[in-house]
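The structure appears below as structure tokens.
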Amino acid sequence: MKIFLTYLNNYKVPVALWILFGLINIFIGYLYQVPFERSLLWLAVCGFIGIAAAGFHFYNYYSRHKSLTFHQKQTHMEVQQLPLPGNLIESDYQDLLEKLSAAHSQLENTKAENEQEILDYFTMWVHQIKIPISALHLILQDEDSEVTEEMKEQLFKIDQYVELILQYVRLGSTSTDYHFQKVDLDTMIRESLKKYASVFIRKKLPVRYDKIDKRIVTDSKWLSFVLEQILSNALKYTNEGSISIYLDENAVVIEDTGIGIRPEDIPRVAERNFTGFTGREHKSASGIGLHLSKQILAKLGHQIKIESEPKKGTKVFIVFDDKQMTTE
């Protein structure tokens, strides 16, 4: 009914003219004293022909509307797939759409090329910057002093930030691919803990972890990055107590006894550049780690959930779908 009313509104001028001409015919017939029955017969014949033509026209109108509505729901569509134009104006519009589509395709190709150039540049930059970082690690390896330990810690942070930049650029790239396979969670968690072992030692924080005998269908590289980011945050904001990693139903939980997060900040902690009260207290907080983690987990088909109380600690849940988890 809505489409029919829209149709009448679109063609109200022809309908109004058709009614007006009918009234004029009756008026002229009256002036020339034409029998009223003859005028009515003429109107009936013209009305029948007009209604039949309008019905056929409305059917075409309705069919084209349904076809265009269907194409609107498609994720990808070529201009050539549109219904054939019914008149010169529609043909002009389709020509215009073809030009706009070609311009859009060219912009997309340019964007993809630019993204790839940026990704290639940052990849090269990361590999180049890692060489002096590794060299400094080797130089400091045999040194044993308080200053040396501080330098090692700062180098470790630099290494983290370099990796963060690379993953940030890769995540936004259209050429980024994901390799899904069954991954052993225990191996992945142990590798992350090993990477941060020196930080645990320097801060004198114990880690509580029991083997998780589960395998998950995911991309190991990206999920490892998320685990390391969450573990890094836990270490950054925990100065006493411990950090625990365990399985809670279908979620890996990383729990700390750190400063916690205010309740009003929890819904926004994974937003881009949001740091909340923690960021105001700790100037080094950027919020980019959790933001990237949330984006990555969404692309992997996982979720992130956070529970926290100020001055009591934080629990970060990496939630997996039941179909993604297995013990095989």
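Here, each number is a calculation from the coordinates, and none is a lab measurement. Keep in mind that this is a model prediction, so the values were computed, not measured. Quick reminder, even Gly has a Cβ in these numbers, built from the backbone with ideal geometry, and neighbours come from all protein chains shown.
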Angle between the chain longest axis and helix 220-236 axis [Cα atoms, degrees, rounded to 10]: 60
Within a Gaussian network of the chain (alpha carbon springs, distance under 10 Å), most fluctuating of 156, 27, 122: 27
Folded to 0 to 90 degrees: helix 185-195 orientation relative to the chain principal axis, Cα: 60
28 Å Cα-Cα threshold exceeded, pairs from 203/305; 130/312; 152/312; 99/294; 195/305; 195/315: 130/312; 152/312; 99/294
Degrees between helix 288-300 axis and first principal axis of the chain (Cα, 0 to 90, nearest 10): 60
Packing-based ranking, highest mean first, of 248-261, 295-308, 40-53 given that Cβ atoms within 10 Å are counted: 248-261, 295-308, 40-53
MRE, 222 nm, helices only [DSSP H, n ≥ 4, -39500 (n - 2.57), over the chain, to nearest 500]: -21000 deg cm²/dmol
Whole-Å distance, taken between Cα centres, linking segment 108-161 and segment 211-262: 24
Per-q log10 I(q)/I(0), the chain, q = 0.07, 0.10 Å⁻¹ (Debye; single scatterer per alpha-carbon; no solvent): -0.53, -0.77
Only Lys, Arg (+1) and Asp, Glu (-1) charged, at Cβ; the chain dipole about Cα centre in debye: 1080
Selection from 183, 259, 60 lying farthest towards where the dipole of the chain points positive, charges on Cβ: 60
Fraction of antiparallel bridges per DSSP, the chain only, in percent to nearest 5: 90
